[in-house]
Amino acid sequence: MALSDMKARKLGPGDRPLSVGLVAGLSLHPGRSTGTGKFIFRFVSPETGKRRDMGMGTYPTTGLAEARKKAFAARTMIEQGIDPIEQRRRATEDRRRTSMMPTFSEAAELVFEEIAPSFRNPKHRAQWITTLRTYVLPRIGGRPIADLEPRDIAEALRPIWLSKPETAGRVRQRCDRVMIWCIARGYCTSNPVSAVHALLPKQPAKAERTVHQPSVPWRALPDLMPALFPPDVFAVGRSTLLFLILTAARSGEVRGATWDEIDVGTRIWTIPAERMKTRMAHRVPLSRQAITLLNGIRNATGRTDFVFTTRGTTPISEMTMTKVLRQARVASDTEGRTATAHGFRATFRDWASENGHPRDLAERALAHKITNQVEAAYHRTDLLDQRRSMMQAWADYCCSNLAGHELSEE
């Protein structure tokens with residue numbers, strides 16, 4: 001028999017609970033005052049097999065009809081093998097997680113904030129978040145993390161997937177980093193980035209898309225030098241470029257060179273590990289021409305921290321050497337493109353190969369990382385003395401047409 005409101009309003013403290021009826025297990029327990037109580041739904045959990053009591057609201061705030069409706073819904077879950085208490089807990093957790101759920105943009109910014117201090121190179125640090133802000137966030141930045149699917153990531157990458165494969169690959173890796181961060185914090189359970197390759201066309205092989213830095217053919221270099229480095233003309237940009245050519249060093253390593261790194265007596269330039277791409281200290285044997293150039297710079301600029309500087313306290317900009325090459329319209333082996341400063345490393349490498357210098361010496365002069373771990377484990381010396389004669393031969397070749405120039409003197 002179904003419980004009526006008249007009988008429920010007479011329920012007083014200390015009375016026995018009343019069966020509500022129509023739904024098995026639902027009863028009204030007395031409250032602290034007459035006519036009040038609490039609906040309890042008693043059942044056996046289909047998940048654990050244990051008896052459980054589930055609150056269905058307080059009477060009379062919750063009416064009999066509403067309590068029966070809630071209990072009936074719970075009973076339906078039980079018949080489906082679902083514990084209604086656990087289901088309610090899971091729903092509450094889902095609502096809590098949803099209220100805390102970051103958008104992809106918010107997650108990306110939080111990840112960047114955490115990993116930014118680990119970047120040694122400011123340029124690489126800026127690129128990490130800039131690429132996401134440029135290519136991904138405008139499309140999916142406002143979407144909650146848990147709502148993202150593989151096709152969302154794929155469509156964000158599609159415009160650059162084939163036209164800028166290197167960039168697209170890095171952006172995909174950064175999206176992956178964001179999603180893994182979200183999984184670790186419970187914002188989602190799957191990573192949509194892992195499936196984007198199935199939705200995008202195959203990219204060209206790395207060998208097919210490698211773009212080499214425009215460089216000066218090594219046989220053309222001596223004829224180029226007189227016009228590029230006229231005698232009795234001192235300019236910081238030209239001096240920096242000349243030192244880069246003579247040492248075959250990277251642009252950043254040359255521009256950041258300090259006088260403390262250079263030992264004129266032993267003719268050695270020691271680049272500390274923190275300034276090297278490989279994160280290993282590198283010794284560069286300096287030719288007679290390089291020492292002559294450094295002495296001229298010291299006489300012209302006086303005492304400064306940086307070797308190549310216009311202000312004395314900061315190195316020259318990355319564009320300084322590029323400007324010298326562009327103004328001189330230095331042709332390269334790439335049609336329609338001016339030679340780059342970095343390209344002179346390729347010029348040196350070709351010269352070394354075609355003039356009988358061992359591959360190992362040339363690679364060490366360029367401070368290339370040994371990718372073979374076994375080979376790297378057995379390399380205990382930097383072969384400085386052997387490299388010294390090679391770098392002197394390179395400098396002699398580079399300056400062979402500089403007649404009347406101070407660098408042509410022994």
Any lysines with Cα under 28 Å of the LYS277 Cα? List them, leaving off those in the same chain fewer than 8 positions away. LYS123, LYS164, LYS206, LYS323, LYS369
May I ask for log10 I(q)/I(0) of segment 218-408 at q = 0.11, 0.14 Å⁻¹, from a Debye sum over the Cα atoms as equal point scatterers with solvent left out? -0.47, -0.79
Can you give the local net charge around ARG120? Use residues other than it whose beta-carbon is closer than 12 angstrom to its beta-carbon, Lys and Arg +1, Asp and Glu -1. +4
Subtract the Cα-Cα distance of GLU149 and LYS69 from 0.36 nm times their separation in residues, and report this length gain in nm to one decimal. 25.2 nm
Acute angle (nearest 10 degrees) that the helix 236-247 long axis makes with the longest principal axis of the chain, alpha-carbon atoms: 90 degrees
Counting Lys and Arg as +1 and Asp and Glu as -1 over every other residue whose Cβ sits under 15 Å from the Cβ of ASP350, the net charge comes to +1
Which lysines does LYS70 reach when only Cα atoms under 20 Å apart count, and residues fewer than 8 places away in its own chain are ignored? LYS38
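Can you tell me how much longer the chain between ARG303 and GLU93 gets when fully stretched, taken as 0.36 nm per residue apart minus their C-alpha distance, in nm with one decimal? Please list the in-between numbers first.
Values: separation 210, 0.36 × 210 = 75.60 nm, distance 6.63 nm.
Fully extending the segment from ARG303 to GLU93 adds 69.0 nm.
At most 12 other C-beta atoms within 10 Å and a DSSP loop state: those are the exposed chymotrypsin sites (Phe, Trp or Tyr not before Pro) I care about. Give me the longest piece of the chain that has none. The partial results should precede the final answer.
Numbers: sites that count: PHE234, TYR378.
In short, 1-233.
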Could you work out how far helix 150-161 tilts from the main Cα principal axis of the chain, as a 0 to 90 degree angle to the nearest 10? 20 degrees
Using 7 Å Cα-to-Cβ label points, what is the HIS197/ILE291 separation (nm, one decimal)? 5.4 nm
By how many degrees, 0 to 90 and rounded to 10, does the Cα axis of helix 64-79 deviate from the longest principal axis of the chain? 60 degrees
Segment ASP360-LYS50, length gained on full extension (0.36 nm per residue, minus Cα span): 104.2 nm
If the viscosity is 1.306 mPa s and the temperature 10 °C, what translational diffusion coefficient in µm²/s does Stokes-Einstein give for the chain when Rh comes from Kirkwood over Cα pairs? 57 µm²/s
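Throughout, read-outs are computed from the coordinates displayed, never taken from laboratory work. All figures in this text were calculated on a predicted structure; none of them were measured in a lab. When we count neighbours, we look across all protein chains shown, and the Cβ atoms used for this are built from the backbone with ideal geometry, even at glycine.
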